[in-house]
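Report on one structure; see the data block that follows.
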Amino acid sequence: MKREFVYAPPTHPLSYIYTDNELIIVEKPSGLLSVPGKTEPDCLEARLRIDFPEALTIHRLDMATSGVMVFARNANAQRHVGLQFEKRMTEKTYLSRVWGQIDKDTGQIDLPLITDWPNRPKQMVCHERGKASLTQWKILEREKTSTYVALFPKTGRSHQLRVHMLALGHPILGDRLYAHEEAFASAPRLQLHAHKLKLRKPTGGDWVEFESPCPF
């Protein structure tokens, strides 16, 4: 079922986690596009460039997802960190609330994903033509009708966590695209947050980790 949507992003000031002469680490709020849409210029990238006109995009988060994002302040930093994402060298931790109670304490979902073209932007599992996609998960707390879980994506496919949790039988609460009616109505926003991001500094190669507290 297609749900009505009006783009009404939050208007509060951006919250910066860390900046230096190479990187900008910022908290993306839920409801704000990472980069411009076809008809929507307002996005995190555009707002960030008010403060940092040189900012360069490295990766994206879904509009409804909140949490840690990294931008570069020069082309070398963009290339260096971009390659880390491409080669799966970064370490990412997401926090989420999903429908129902997951029985096991840990596990992984290894299901190939592909765009569901008639229903774009939705993605779907496809064993014939899908791209390899792997998510590991760990239970943090079992609640009355939901489960609070840490998700560790080992690949970076579009909507990967959302589709993988749906395939597990536990859609993310508040998910306009994938949740059934009860799960969608159980939260005022998508219950998915990019909690931690670990990467190597472009200069020197030291590991650094950035964290954004979960807002739900």
Task: When residues of segment 41-55 are limited to those that are acidic (Asp, Glu) and within 17 Å of THR65 (Cα to Cα), the one nearest to the chain's Cα centre (by Cα) - done: GLU45
Open item on the list: I'd like the full set of residues that are assigned to a strand (DSSP E or B) and either of a type outside the set (S, T, N, Q) or surrounded by 12 or more Cβ atoms within 10 Å (Cβ to Cβ) (or both), limited to segment 8-30.
Closed with: TYR16, ILE17, TYR18, THR19, LEU23, ILE24, ILE25, VAL26, GLU27, LYS28
Task: Among residues of segment 53-89, those that are assigned to a loop (DSSP other than H, G, I, E, B), buried (at least 16 other Cβ atoms within 10 Å of the Cβ) and not β-branched (Val, Ile, Thr), counted - done: 8
TODO: Select from segment 182-199 the residues that are free of Cβ contacts under 8 Å to residues at least 60 places away in the same chain and over 20 Å from GLY67 (Cα atoms) and list them in ascending order.
DONE: ALA185
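Readers should treat all values here as calculations from the given coordinates under stated rules, not as data from a laboratory. Given the structure is predicted, the values throughout are model-derived calculations rather than measurements. Every residue, glycine as well, gets a Cβ built from its backbone with ideal geometry; the counts of neighbours run over all protein chains shown.
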